[in-house]
Amino acid sequence: MKLLKLILLLLIIVVTTSCSSDKKTEKESETKTIVLPKKETKRVLEVEEKSWDSLNRKNTEQFLTAYGNQNKETKVLIKTSFGNIKLQLYNDTPIHRASFIFLTKIDYFDNTVFYRVAKDFVIQGGDSEDFKKSKIRYKYKNYLLKPEFRKNRRHRYGALASAREWDDNPNKLSTPFEFYIVQNRNGAHHLNNEHTVFGHVISGFSTINKIANVEVGPGEWPEDDIPMKVEILD
């Protein structure tokens with residue numbers, strides 16, 4: 001009888017110790033592993049994605065400064081049926097450079113046209129009344145850019161500059177959706193400190209001159225559309 005009681009007592013001690021050990025192991029496991037709920041993970045990702053899609057008139061400089069720091073490309077290519085135009089963008093006009101890279105990466109300029117050809121002056125394009133392009137401009141609140149005039153960035157032959165409204169625009173804010181390239185070999189220096197020059201042509205001067213020689217109608221609009229596609233090179 002005494003032997004039976006002793007056996008029962010030993011069994012109780014073994015079972016109790018085992019349960020205590022299991023609970024301790026489970027508790028330690030809980031403290032070492034932190035699992036973010038699936039809903040929270042999705043919410044965080046959505047916020048990160050949205051933050052890079054929030055450009056508007058109020059945060060233009062802040063947004064493009066951050067964007068430019070993460071997107072450092074300075075060479076782009078404009079493809080046309082007349083040939084290609086290779087451009088170098090300037091780091092000392094950082095907001096205009098970042099804006100041009102941003103719009104290129106979201107394919108804004110693709111299938112827009114050179115809508116103004118003024119021979120011995122400039123070829124101008126990039127804007128469009130296409131519904132998809134209008135939606136993009138509306139999405140980003142038709143943001144504008146403060147001028148970035150630089151003494152060493154002049155309207156020489158092949159200069160790339162940003163267009164702007166002349167009426168009711170005392171601060172000379174640029175329109176990022178339109179740009180022009182100086183085609184006059186002597187430059188267009190009367191535009192210095194009026195429009196921001198933010199790049200220049202590296203190669204493709206023959207293409208610029210071919211475009212400058214097309215037939216135009218009222219408003220210097222080419223009689224046949226000259227569509228473009230813009231790509232990032234480096």
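Since every read-out is calculated from the coordinates, none of them should be taken as a lab result. No experiment lies behind these values; they were computed from the predicted model shown. Note: ideal-geometry Cβ built from the backbone for every residue, glycine included; neighbour counts use all protein chains shown.
Compute the Cα gyration tensor for segment 56-154, then decide on rounded, prolate or oblate, letting a ≥ b ≥ c be the square roots of its eigenvalues: rounded whenever a/c is under 1.5, prolate when a/b is larger than b/c in the other cases, and oblate in all that remain.
Details: a/c = 1.60, a/b = 1.15, b/c = 1.39.
Oblate is the answer for segment 56-154, as a/c is 1.5 or above yet b/c matches or exceeds a/b.
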(request) Find the eigenvalues of the gyration tensor of the Cα atoms of segment 170-234, then list the square roots of 5 times those eigenvalues as equivalent ellipsoid semi-axes, largest first, in whole angstrom. (result) 21, 17, 15
(request) Evaluate Rg over Rh across segment 68-218, taking Cα atoms for both radii and Kirkwood's formula for Rh. (result) 0.93
(request) Taking the Cα centre of segment 104-234 as origin, sum charge times position over the Cβ atoms of Lys and Arg (+1) and Asp and Glu (-1), and report the length of that vector in debye to the nearest 20. (result) 680 debye
(message) Students often check this: by mean Cβ neighbours within 10 Å, which of 150-159, 61-70, 120-129 ranks highest, and how do the rest follow?
(response) 120-129, 150-159, 61-70
(request) Amide H neighbours of R164 under 5 Å, at least 5 residues apart or on other chains, H built in the peptide plane: list them. (result) T175
(request) Once you have all Cα-Cα distances for segment 113-201, histogram them in 10 Å bins from zero and send the whole-percent values. (result) 17, 47, 30, 6
(message) For a 26 Å ceiling on Cα separation, which of these pairs sit above it: K119/K146; K72/K146; K79/K133; K151/K229; K79/K146?
(response) K119/K146; K151/K229; K79/K146
(request) Starting with the highest mean, order 83-92, 96-105 by the number of other Cβ atoms within 10 Å, averaged over the residues of each peptide. (result) 96-105, 83-92
(request) At a temperature of 25 °C and a viscosity of 0.890 mPa s, determine how fast segment 149-189 diffuses translationally according to Stokes-Einstein, using the Kirkwood radius over alpha-carbon pairs as Rh; express D in µm²/s, rounded to the nearest whole number. (result) 220 µm²/s
(request) Would you grab the residues whose amide H sits under 5 Å from the one on R150? Only those 5+ places off in sequence or on another chain, please, with H modelled 1.01 Å from N. (result) V197
(message) Explain nothing, just compute: Karplus ³J(HN,Hα) = 6.51 cos²θ - 1.76 cosθ + 1.60, θ = phi - 60°, for every residue of segment 120-125 in order, whole Hz, x for Gly and Pro.
(response) 6, 9, 8, 10, 10, x
(request) Quick one: what are the phi-derived ³J(HN,Hα) couplings along segment 140-156, Karplus 6.51/-1.76/1.60 with θ = phi - 60°, whole Hz, x for glycine and proline? (result) 9, 6, 6, 4, 10, 10, 5, x, 10, 6, 10, 4, 8, 10, 10, 7, 7
